[in-house]
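Asks: My questions all concern the structure below.
Read-outs throughout are calculated quantities, based only on the coordinates presented, and are distinct from any laboratory measurement. Keep in mind that what you see is a predicted model, and the values were worked out from it rather than measured. Ideal geometry is used to build each Cβ from the backbone, glycine not excepted, and the neighbour counts take in all protein chains shown.
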Amino acid sequence: MKLILLDRDGVICRFRPGDYAKTWEEFEFLPGSINALKKFNQAGYSIVIASNQAGVGKGIYSQAALEEITRKMLEVLTDHGVHIAQVFYCVHTDEDNCPCRKPKPGMLLRAAEELQLPDLRRTFFIGDASTDVEAGKNAGARTILVLSGKTRSPEETASWSVQPDFIAHNLSEAVEIVLREEGGNGRI
């Protein structure tokens with residue numbers, strides 16, 4: 001199985017600095033993200049979204065609101081011919097010390113287990129923050145940092161203790177990196 005793991009905010013949809021997408025009306029797909037996801041599917045990849053959503057744990061929006069946003073996001077993607085295999089969220093705050101909250105690898109390891117992948121060394125995790133890079137590395141995956149969300153320039157990574165394997169401007173560019181690195185057919 002060919003698998004791509006993705007963060008949501010700042011990768012698929014607009015990152016809202018200091019805020020959260022609390023309703024469907026506040027959720028906004030990033031330009032090109034739907035087509036990029038479609039390219040992954042067309043190349044034979046199963047797509048899993050793994051995203052921290054601490055706004056639920058902080059009481060800023062409800063679990064029901066998160067589920068509604070997810071349902072509508074998946075409907076739009078399905079209407080555009082995109083299939084998402086699974087969506088995992090960690091709704092805990094940093095203080096909860098949850099093993100699924102990135103930078104811990106719990107969500108990624110759970111995805112591997114549920115999809116019966118023995119390890120994630122042949123998988124990419126694409127995210128927009130240092131926590132995504134750390135989570136990917138902690139799970140054994142290769143990482144791509146996109147500059148379309150929380151992190152806006154490569155210079156911001158200079159002080160990070162864990163560096164991404166690749167940096168892309170957006171998800172569309174990340175798709176091209178994955179296909180190039182895997183010989184266009186998803187195999188190393």
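Asks: Taking the stretch 26-72, which residues are under 23 Å from LEU117 (Cβ atoms) and aliphatic (A, V, I, L, M)? Don't jump to the end; show me each part of the working.
Replies: The first filter runs over the stretch 26-72 and keeps only residues under 23 Å from LEU117 (Cβ atoms), leaving 36-52, 70.
Of everything in the stretch 26-72, those that are under 23 Å from LEU117 (Cβ atoms) and aliphatic (A, V, I, L, M) turn out to be ALA36, LEU37, ALA43, ILE47, VAL48, ILE49, ALA50.
Asks: Before we move on, is ARG180 surrounded by fewer than 18 Cβ atoms within 10 Å (Cβ to Cβ), in a loop (DSSP other than H, G, I, E, B) and among the charged types (D, E, K, R)?
Replies: On the way: surrounded by fewer than 18 Cβ atoms within 10 Å (Cβ to Cβ): yes; in a loop (DSSP other than H, G, I, E, B): no; among the charged types (D, E, K, R): yes.
Taking the combined requirement at face value, the residue does not satisfy it.
Asks: In contact with a Lys or Arg (Cβ under 7 Å, 6 or more places away or on another chain), farther than 21 Å from ALA43 by Cα and acidic (Asp, Glu): is that true of ASP128 in this structure? Full working, then the answer.
Replies: Numbers: in contact with a Lys or Arg (Cβ under 7 Å, 6 or more places away or on another chain): yes; farther than 21 Å from ALA43 by Cα: yes; acidic (Asp, Glu): yes.
The answer is yes for ASP128.
Asks: Looking at the stretch 15-30 only, could you name the residues that are surrounded by fewer than 17 Cβ atoms within 10 Å (Cβ to Cβ), assigned to a loop (DSSP other than H, G, I, E, B) and touching a residue at least 12 places away in the same chain (Cβ under 8 Å)?
Replies: PRO17, THR23, GLU28
Asks: Quickly run through the stretch 90-139 and pick out the residues that are in contact (Cβ under 8 Å) with a residue 24 or more places away in the chain, surrounded by fewer than 18 Cβ atoms within 10 Å (Cβ to Cβ) and among the acidic types (Asp, Glu).
Replies: Answer for the stretch 90-139, where residues must be in contact (Cβ under 8 Å) with a residue 24 or more places away in the chain, surrounded by fewer than 18 Cβ atoms within 10 Å (Cβ to Cβ) and among the acidic types (Asp, Glu): ASP94, ASP96, GLU114.
Asks: Name the helices (runs of 4 or more DSSP H) wholly inside the stretch 58-150 in which the number of residues that are more than 27 Å from MET1 (Cα to Cα) is 3 or more. Outline the logic, then answer.
Replies: Values: elements: 63-79, 106-114, 130-139.
The qualifying helices (runs of 4 or more DSSP H) are 63-79.
Asks: Inside the stretch 40-81, can you point out the residues that are among the polar types (S, T, N, Q) and touching a Ser or Thr at 6+ places or on another chain (Cβ under 8 Å)?
Replies: ASN52, the sole residue that qualifies.
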